[in-house]
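As structure tokens, the structure follows; a few thoughts come after it.
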Amino acid sequence: MNSKLFRGSLDTIVLKLLRDNGKMYGYQIAKEVKLISEGRFNITEGSLYPALHKLERKGYLDTEFERVDNRTRKYYRLSTNGKTAVKEEIKEMKSFLTGLSLIVNPNN
């Protein structure tokens, strides 16, 4: 899979997963993407955590820390602004995919 195309969609993917699942930690997000995409998409730490930090800086994510098995785990969840942003991101993604489909498959 083209990593440039995937990276451009990562923010939308993360926001959608958090909308659907509530709070999640980084590894859990990566695992869920792999599961849902049937192994087609693998998110590396090198792309996931910068995306999470960017979304956090934009005010789309709230975070909390929890002790799990003697380790501290950082959980992410949508903020109020994130709940609004995810709707727009998904709308834009659907529009983009529709337009792309018309170009790639003009006879369908």
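The values are calculated or read from the model by the stated rules, or taken from the named source; none is laboratory data. Values in this document were obtained by computation on a predicted structure and should not be read as measured data. Backbone-built Cβ (ideal geometry, glycine too); neighbour counts: all protein chains shown. What goes into the accessible areas is simple: the full protein's heavy atoms, side chains included, and nothing from ligands, DNA or RNA. Shrake-Rupley method; radii C 1.70, N 1.55, O 1.52, S 1.80 Å.
Details
- Boolean, Asn21 is among the polar types (S, T, N, Q) and at pLDDT 95 or above: yes
- Subset of region 30-53 [more than 13 Å from Tyr75 (Cα to Cα), hydroxyl-bearing (Ser, Thr, Tyr) and surrounded by 12 or more Cβ atoms within 10 Å (Cβ to Cβ)]: Ser37, Ser47
- Of all residues in region 15-29 being open to solvent by 20 Å² or more (accessible area, probe 1.4 Å) and more than 9 Å from the chain's Cα centre (by Cα), the one that is nearest to Glu89 (Cα to Cα): Arg19
- Members of region 33-75 found to be more than 15 Å from Leu10 (Cα to Cα), touching a Lys or Arg at 6+ places or on another chain (Cβ under 8 Å) and either aromatic (Phe, Trp, Tyr) or in a loop (DSSP other than H, G, I, E, B) (or both), listed by number: Phe65, Tyr75
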